[in-house]
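Comments concern the structure below.
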Amino acid sequence: MDRRKFIGDSVKAAASITVINTAAANAASLNFLAPLRCAQIPLPYAADALEPHIDARTMDIHYNRHHAAYVKNANEAIDTEKIQVESYEALFAQIGKYSAKCRNNAGGVWNHNFFWKIMKPAGGQPSGKVAEALTGTFGSVDAFKEKFSAAAMGRFGSGWAWLVKQNGQLKIGSTPNQDNPLMSDAEIQGTPLLAIDVWEHAYYLKYQNLRKDYIAAWWNLVNWDEVASGL
Ligand code: MN3
């Protein structure tokens, strides 16, 4: 390459980098395509509002220590790895590109934000379109609960059970650790509609090793209106 062409190309390259950087700065200042910053949603109810099914001390430690730590560590990973994605969905869609620290903690942030929303005091029974959808797919609401509970019981060690919508179909499955169905390589794929956290930290203070009792009590807390909003 002759010297004049090289200098010309270098100047053009530098100019285009300047344009890109200016565009990125403008986008960031408009909060448009700004890199993902993980955060906890505010707890939608008081820490003792899910008593007696989930006790206040468990909620306090779960939200203020476990969930808060996922946020801190996820943001650290995003900074260290210079990850430039604008949403959790974009991050999870290519999760295999990132570190275990990023995967586990960003998953932990998203999963818990979802979990707090999917519960409420005195959840009651599903009705309307949720009841119809569950009955249509699983035979009855009780049959759905049985299958979902079995997925939650069957997850060995720490993880989650999920109800998802996958290509218009309802499916039940589970994931290890803080994986979720939005992750490109998860064991179950789809849009999450309902989830239960079966890590011991979610129930051990009150239920000790009795995961089955925790799951049975948890059904009293499902926010079915929130489930319906995802259908
Ligand atoms: Mn948890």
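Selection of the stretch 192-216 for residues being part of a helix (DSSP H, G or I) and within 16 Å of the ligand (Cβ to nearest atom) yields Glu200, His201, Ala202, Tyr204, Leu205, Lys206, Tyr207, Arg211, Tyr214, Ile215. Taken over the stretch 199-231, the criterion of being open to solvent by less than 40 Å² (accessible area, probe 1.4 Å) and small (Gly, Ala, Ser) is satisfied by Ala202, Ala217, Ala228, Gly230. Scanning the stretch 180-191 for residues that are in contact (Cβ under 8 Å) with a residue 40 or more places away in the chain and either away from the ligand (no atom under 16 Å from the Cβ) or among the small types (Gly, Ala, Ser) (or both) yields Leu182, Met183, Ser184, Asp185. Among the residues making up the stretch 30-55, those that are open to solvent by less than 40 Å² (accessible area, probe 1.4 Å) and more than 16 Å from the ligand (Cβ to nearest atom) are Ala34, Leu36, Tyr45, Ala49. Restricting the first member to the stretch 81-105 and to residues that are touching a residue at least 40 places away in the same chain (Cβ under 8 Å), and the second to residues that are open to solvent by 30 Å² or more (accessible area, probe 1.4 Å) and basic (Lys, Arg), the beta-carbon pairs closer than 6 Å and six or more apart or on different chains are Ile95/Arg103. Quick check on Lys171: is it at pLDDT 95 or above and more than 16 Å from the ligand (Cβ to nearest atom)? Yes: the conditions hold for Lys171.
The values are calculated or read from the model by the stated rules, or taken from the named source; none is laboratory data. Everything numeric here is computed off the predicted structure, so don't read it as measured data. Virtual Cβ from ideal backbone geometry, glycine too; neighbours counted across all protein chains shown. Ligands, DNA and RNA are stripped out before the accessible areas are found, and what is left, the full protein with its side chains, is counted by its heavy atoms. Shrake-Rupley method; radii C 1.70, N 1.55, O 1.52, S 1.80 Å.
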